[in-house]
1. With the condition kept exactly as written, say whether any residue in region 153-176 is closer than 22 Å to Leu87 by Cβ, of a type in the set (Lys, Arg) and touching a Cys at 6+ places or on another chain (Cβ under 8 Å).
2. Any chance you could count how many residues in region 150-183 are under 18 Å from Glu41 (Cα atoms) and touching a Lys or Arg at 6+ places or on another chain (Cβ under 8 Å)?
3. Test Leu189 against the criterion of being at pLDDT 95 or above and more than 20 Å from the chain's Cα centre (by Cα), and give yes or no.
4. Could you name every one of the helices (runs of 4 or more DSSP H) located completely within region 60-151 that has at least 1 residues being out of contact with any Gly (no Cβ under 6 Å at 6 or more places or on another chain), hydroxyl-bearing (Ser, Thr, Tyr) and crowded, with 22+ Cβ neighbours inside 10 Å?
5. Can you pull out the residues in region 170-216 that are open to solvent by less than 40 Å² (accessible area, probe 1.4 Å), in a helix (DSSP H, G or I) and in contact with a Phe, Trp or Tyr (Cβ under 9 Å, 6 or more places away or on another chain)?
6. Any residue at all in region 30-38 that is out of contact with any strand residue (DSSP E or B) (no Cβ under 9 Å at 6 or more places or on another chain), modelled with pLDDT of 95 or more, open to solvent by less than 40 Å² (accessible area, probe 1.4 Å) and closer than 18 Å to Ala139 by Cα?
7. Can you name every residue in region 131-149 that is closer than 23 Å to Gln47 by Cβ and of a type outside the set (Ser, Thr, Tyr)?
Amino acid sequence: MNNPILDQIQRLRAELAPGDTAPALIAAFAEGTAPLAAVAELAAQQQRIITSDRRSLLLLATRCADRPLGAWFVALAEGESAALRTLPALAAACGLDPGAMAARPPLPGCQAYPAFLAWLGLNSRPPGAAAVALVANFAAWGGYCATIAHALRHRYGFSDEACAFFDFFAQPATELEQQAADALGPDPLDDDTLATALEYGRLLQAYEHLFWDTLAQVHG
């Protein structure tokens, strides 16, 4: 029998699904028309984003350290650490060494998402609403990463090592959804928590779109 919270997460995921509003840059990658400079900028911005998101997730973990949800946030933070280790190969494939990647200035449109996640780390009420909002958006992000990984291999000639960052996030979010539901269970989430999760999820989705739209303005 499904955990009732899993059903709630899946319904929220469906409500937040981008549908025809997926960022234009994703389609450009699929067609092979996105500039390589956008990939280089993505790598540089993601180094800042992941470093920030890891701390934010650990802060959320401390807020529910005595509950299973705390361990779930820790696992997400460990995943961010793993993803961070794949970035140098991606940057190198774009002609960026670590020094050049670190020297790239933060782009406000790219850094809005981690800024909001940091806000959630401090202010989300309850932390469970932040967990549901995050996991409900993972499927869309994973789909974008799968599209880019395929395009970089088949249209840009990138190696498997260079695509490892996107491969890492391209995995289906099914297991993370189940783990989140188990950590939040066993009782269904109340209406107030679901409404708050939807509010947070819409903001996360908007900031992620802003990330892609900002990268779309980068030209080679």
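1. Yes, some residue in region 153-176 is closer than 22 Å to Leu87 by Cβ, of a type in the set (Lys, Arg) and touching a Cys at 6+ places or on another chain (Cβ under 8 Å).
2. Qualifying residue count for the region: 1.
3. yes
4. In region 60-151, 108-123 are the helices (runs of 4 or more DSSP H) which contain 1 or more residues that are out of contact with any Gly (no Cβ under 6 Å at 6 or more places or on another chain), hydroxyl-bearing (Ser, Thr, Tyr) and crowded, with 22+ Cβ neighbours inside 10 Å.
5. Once the filter is applied, which keeps residues that are open to solvent by less than 40 Å² (accessible area, probe 1.4 Å), in a helix (DSSP H, G or I) and in contact with a Phe, Trp or Tyr (Cβ under 9 Å, 6 or more places away or on another chain), region 170-216 yields Glu177, Ala180, Ala183, Leu184, Tyr200, Leu204, Glu208, Phe211, Trp212.
6. No - not one qualifying residue is present in region 30-38.
7. Across region 131-149, the qualifying residues are Leu134, Asn137, Phe138, Ala140, Trp141, Gly142, Gly143, Cys145, Ala146, Ile148, Ala149.
Condition check ((1) among the basic types (Lys, Arg); (2) over 14 Å from Val39 (Cβ atoms)) across all residues:
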| residue | (1), (2) |
| --- | --- |
| Leu117 | no, yes |
| Gly128 | no, yes |
| Arg153 | yes, no |
| Gly157 | no, no |
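The values are calculated or read from the model by the stated rules, or taken from the named source; none is laboratory data. Because the structure is a prediction, the values reported are computed rather than measured. Neighbour counts are summed over all protein chains in view; Cβ atoms, including those assigned to glycine, are modelled from backbone coordinates with ideal geometry. We work out accessible area using only protein heavy atoms, side chains counted, and drop any ligands, DNA or RNA first. Shrake-Rupley method; radii C 1.70, N 1.55, O 1.52, S 1.80 Å.
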